[in-house]
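Novice: Dropping the structure in here first, questions after.
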Amino acid sequence: MSPYPHLLQPITLGGVTLRNRALMGSMHTGLEETGDWGRVAAFYAARARGGAGLIVTGGMAPNAEGGVFPGAAGLFTDQDIANHARVTAAVHAEGGHIAMQILHAGRYAYSRDCVAPSPIKSPISPFPPRGLDEAGIEKQISDITTAAARAREAGYDGVEVMGSEGYFLNQFLVTHTNRRSDGWGGDYANRMRLPVEVVARVRAAMGPEAILIYRISLIDLVPDGSTWDEVITLAKAIEGAGASTLNTGIGWHEARVPTIATSVPRAAFADLTARLRPKVGIPVITSNRINTPEVAEGLLATGMADMVSMARPWLADEAFIAKAAAGRAAEIAPCIACNQACLDHTFSGKLTSCLVNPRACHETVLTYDPTPTPKRIAVVGAGPAGMTAAMVAAERGHKVTLFDKASVVGGQLNLARQVPGKEEFHPLVDWFQTRMSHPHITLRLGAVAEAGDLAGFDEVILATGVIPRDPGIPTDPGAPVFSYIDVLNGAAIGLRVAVIGAGGIGFDVAETLVHQGVSPTLDPVLWQAEWGVSRPWDSRGGLAPEGPDPHPPAREVHLLQRKAEKPGRKLGKTTGWIHRASLAMKGVRMVGGVNYERITTEGLMISHGPNHERPELLAVDAVVIGGADVAAELGAKRAIDQAARLAATL
């Protein structure tokens, strides 16, 4: 019997039968913009080979004004069609199916030529949009329709029309962005006219057999968002216009509620899809924070959806379904929803990859070829870097001995997984532990590697991690000073705490201190209250009228840094705001430009600014040093990437 009978069951969309119910959701990787179409084809082909039932590409622009940024990829010329045909042929050769997402960014476009239903500037884009007239609206419909026809010419099995996340079509649906009073605005029948017309025209352009996915926003999470009755009305109209299936979209990009970060509970929004499903006669797809075959199977088995969309998990492991189907789920590299190498890269104009899997989007340039000359390799340190080096070297045919003075593998990942909101690091450590059972790897835990132990190896890799820094603050005898390692290992800390250092470690320490014992990530009801999330059938747009109602903090915390800038400014581009908002809701005082004068038995003496003004005693029970000795070397993304690249060259 199949280990995941519902997930691995075929399904038919339009005239296409898919081999399973796993959809690889759209991700803008930046690969298409490189112009290296062999590389693009290799990326998608690997996911088709790994068992994806249906792949949806990153968003392709229907025209210049609709691109997410100037020069965004699309199907504008015969050469574009030929390039994309290489991709579809590669996917089909692996037995997969692929749809092209058509993404019109509307006012989210980083372009002076951006357009929208009304000239209302987005809070996440620097350019005010031009409000479209009737001719301009017709041009957008025509261009989207043309893009769909070209996608079919390029061999795509269909398209996904992006109608959620606050993009162009979504902008027409709500009064938050649509202030029109003509036939494209006003009452809801007019506001939903554009997406319905787009779907009808796209269906006519592609014919009845093509897959037509409409990405529908089930919860906007912005003021004046859609009501649930409006969502259902739109879903039925989109079905009537010819869609094959409805894919779930969650939250606008400008929403002040996290929707895909690691601190969001798994499958936190699947109940929305479950409520939509009986209202329409076409399949519905659920999405967001689904990262294991067990979670996917559970959602399908309980009737909450007809398909499951996972995006970033396909970056973490291109063989996700193949491993699940073979009973090797423990070997699936887990997506930890960190965003560090995927979305943070995307929104910084960098090529996407994956913290867990540095080969993602680099399949043709980072290769783990079998070695012609096997070596004996010693690796010292069983943290993420050491384990990655051991794993890659062993896969290539080398014999590896991995040393660590600890009794377990994981290194500082074992600290990270103690932080509330970072529970996804537990399966990451478990996965590494599974991979260390490779027949070419010998583990020597609880062993300090001395020089004599390393004699006789052909190569020695030192991956011993980092140590807490000494900030050089005058400290009185008996003053209550702790390192971040003490805190994350569960040391008894008083109720008033000053954390020195507001980088990633400092924020993790502060989260641990204020949430102690209570993690909203593990309690969806508590998480919704923390962020002021309702359900769209209870309040418009899914925002609770009373706003966030955070659980009381466990401690009073001061988070301090020497740099005279906003604490947390250098955290991840797509997640930093979440960490700052989370701590702000817990009443954490975050201060930059601080001078640490002295740690005493009464607390921490500080002053402010370059002239040491406004001396202040923070009467705290504990002072925590929240940073590493060499912060530039800290971080699992860098450690894993460097280790993989090194091991690939040995």
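Novice: Taking amide H positions as placed 1.01 Å from N in the peptide plane, with prolines and chain starts having none, which residues 5 or more places from GLU597, or on another chain, fall under 5 Å of its amide H?
Specialist: Residues meeting the amide H criterion: MET605, ILE606, SER607.
Novice: Hey, another quick one. How much length, in nm to one decimal, is gained on full extension between TRP577 and GLN433, taken as 0.36 nm per residue of separation minus their Cα-Cα distance?
Specialist: My answer for the length gained is 48.6 nm.
Novice: A further question on this structure: What is the helix-to-structure angle for 504-515, meaning the angle in degrees between its Cα long axis and the longest Cα principal axis of the chain, kept from 0 to 90 and rounded to the nearest 10?
Specialist: Helix 504-515 sits at roughly 90 degrees to that axis.
Novice: Set the Förster distance to 30 Å, then compute FRET efficiency between ARG112 and LYS350 from the Cβ-Cβ distance, nearest 0.05.
Specialist: Efficiency at R0 = 30 Å is approximately 0.85.
Novice: Could you give the length gained on full extension between GLN418 and ASP187, defined as 0.36 nm per residue of separation minus the Cα-Cα distance, in nm?
Specialist: Length gained, GLN418 through ASP187: 78.2 nm.
Novice: Out of the GluC sites (Glu not before Pro) in segment 575-650, which ones are loop residues according to DSSP with at most 15 other C-beta atoms within 10 Å?
Specialist: GLU602
Novice: Listing LEU462, LEU212, LEU618 from the residue with the fewest other Cβ atoms within 10 Å to the one with the most, what is the order?
Specialist: In increasing order of surrounding Cβ atoms, one gets LEU462, LEU618, LEU212.
Novice: Still on this structure, please answer the following. Decide, for segment 308-429, between rounded, prolate and oblate: order the square roots of the alpha carbon gyration tensor eigenvalues as a ≥ b ≥ c, take rounded if a/c falls under 1.5, and otherwise choose prolate if a/b is larger than b/c, else oblate.
Specialist: Oblate shape, in that a/c is at least 1.5 and b/c is the bigger or equal ratio.
Novice: Work from the charge dipole of segment 39-336 (Cβ charges, +1 for Lys and Arg, -1 for Asp and Glu, about the Cα centre) and give the residue of ALA73, ASN63, ALA322 farthest towards its positive end.
Specialist: It is ALA322, whose Cα lies furthest towards the positive end.
Novice: So, one more: Setting aside same-chain residues fewer than 8 positions from LYS422, which aspartates and glutamates have a Cα under 15 Å from its Cα?
Specialist: Cα-Cα hits under 15 Å: ASP430, ASP508, GLU511, ASP523.
Novice: Right, something else. Mind giving me the FRET efficiency for ARG645 and ALA274? R0 is 51 Å, r the Cβ-Cβ distance, nearest 0.05 is fine.
Specialist: 0.75
Novice: Can you list the HN-Hα couplings for segment 64-72, worked out from phi with the Karplus curve (6.51, -1.76, 1.60; θ = phi - 60°), rounded to whole Hz and with x for Gly and Pro?
Specialist: Once θ is set to phi - 60°, the couplings for segment 64-72 become 5, 6, x, x, 5, 7, x, x, 4 Hz.
Novice: Could you give the size of the charge dipole of the chain about its Cα centre, using +1 on the Cβ of each K and R and -1 on the Cβ of each D and E, expressed in debye and rounded to the nearest 20?
Specialist: With Lys and Arg at +1 and Asp and Glu at -1, about 260 debye.
Novice: Between Rg and the Kirkwood Rh of the chain, both from Cα atoms, what is the Rg to Rh ratio?
Specialist: In the chain, Rg relative to Rh is 0.99.
Novice: If you don't mind, there's one more thing I want to ask. Let me know the charge dipole size of segment 39-336 about its Cα centre in debye, to the nearest 20, where only the beta-carbon of Lys, Arg (+1) and Asp, Glu (-1) is charged.
Specialist: 360 debye
Novice: Next up: For the pair ARG569/ILE120, report the inter-label distance in nm, with labels modelled 7 Å from Cα in the Cβ direction.
Specialist: If labels sit at ARG569 and ILE120, their model points lie 3.1 nm apart.
Novice: If R0 is 22 Å, what FRET efficiency do you get for THR367 and ASP36 from their C-beta distance, rounded to 0.05?
Specialist: Here the calculated transfer efficiency is 0.90.
Novice: A further question follows. If you keep only loop residues by DSSP, which trypsin sites (Lys or Arg not before Pro) in segment 400-473 have at most 12 other Cβ atoms within 10 Å of their Cβ?
Specialist: Counting only loop positions with at most 12 other Cβ atoms within 10 Å, none of the trypsin sites (Lys or Arg not before Pro) in segment 400-473 qualifies.
Novice: Right, here's the next one. Read phi for every residue in segment 202-212 and hand back ³J(HN,Hα) as whole Hz from Karplus 6.51 cos²θ - 1.76 cosθ + 1.60, θ = phi - 60°, with x for Gly and Pro.
Specialist: Values, residue by residue: 5, 4, 5, 6, 9, x, x, 8, 6, 6, 10 Hz.
Novice: What is the gain in length, in nm to one decimal, between THR12 and ARG562 on full extension, counting 0.36 nm per residue of separation less the C-alpha to C-alpha distance?
Specialist: 192.1 nm
Novice: Arrange the following residues from fewest to most other Cβ atoms within 10 Å of their Cβ: PHE482, PHE69, PHE432.
Specialist: PHE69, PHE482, PHE432
Novice: Exactly which trypsin sites (Lys or Arg not before Pro) in segment 174-208 are in a DSSP loop and have at most 16 other Cβ atoms within 10 Å?
Specialist: ARG179
Novice: Hey, for a label at VAL448 modelled as a point 7 Å past Cα toward Cβ, could you say which residues of segment 385-407 have their backbone N under 15 Å away?
Specialist: What the label zone holds, given the 15 Å backbone N cut-off, is 404-407.
Novice: Oh, and also: Simple spin-label model, 7 Å along Cα-to-Cβ: THR601 to ASP458 in nm?
Specialist: It is 6.1 nm.
Novice: Would you work out which of GLN140, LEU618, GLY411 lies farthest towards the positive end of the dipole of the chain? Charges go on Cβ: Lys and Arg +1, Asp and Glu -1.
Specialist: GLN140
Novice: Given an 8 Å cut-off on Cα distances and at least 6 residues of separation, report the relative contact order of segment 247-357 as a percent.
Specialist: 22 percent
Novice: Tell me the angle of helix 78-93 to the major Cα principal axis of the chain, expressed in degrees between 0 and 90 and rounded to the nearest ten.
Specialist: 70 degrees
Novice: Ok, one more. For ARG180, enumerate residues with amide H under 5 Å from its amide H, sequence gap 5+ or separate chain, H modeled in the peptide plane.
Specialist: Placed amide hydrogens put GLY186 under 5 Å from ARG180.
Novice: Ok, one more. Within segment 378-406, list the residues whose amide N lies under 14 Å from a label point set 7 Å along Cα→Cβ of ARG638.
Specialist: Label zone hits: 385.
Novice: Using modelled amide H (1.01 Å from N, peptide plane; none on Pro or chain starts), what sits under 5 Å from the amide H of VAL533, excluding residues fewer than 5 places away?
Specialist: Distant-sequence amide H within range of VAL533: ALA544.
Novice: I've got another one for you. What are the aspartates and glutamates whose alpha-carbon lies under 13 Å from the alpha-carbon of LYS399, with same-chain residues fewer than 8 places away excluded?
Specialist: ASP458, GLU459
Novice: Fewest to most neighbouring Cβ within 10 Å: what's the order for ARG256, ARG152?
Specialist: By the 10 Å Cβ count, ascending, the order reads ARG256, ARG152.
Novice: Residues of segment 105-125 with backbone nitrogen within less than 12 Å of a virtual label 7 Å along the Cα-to-Cβ line of ASP224, please, listed as ranges.
Specialist: Label zone hits: 118-121.
Any read-out appearing in this document is the output of simple, stated calculations on the displayed coordinates, not a laboratory observation. Every value quoted in this text rests on a predicted model; they were computed, and no experiment measured them. Here the Cβ is made from the backbone with ideal geometry for all residues, glycine too, and neighbour counts use every protein chain on show.
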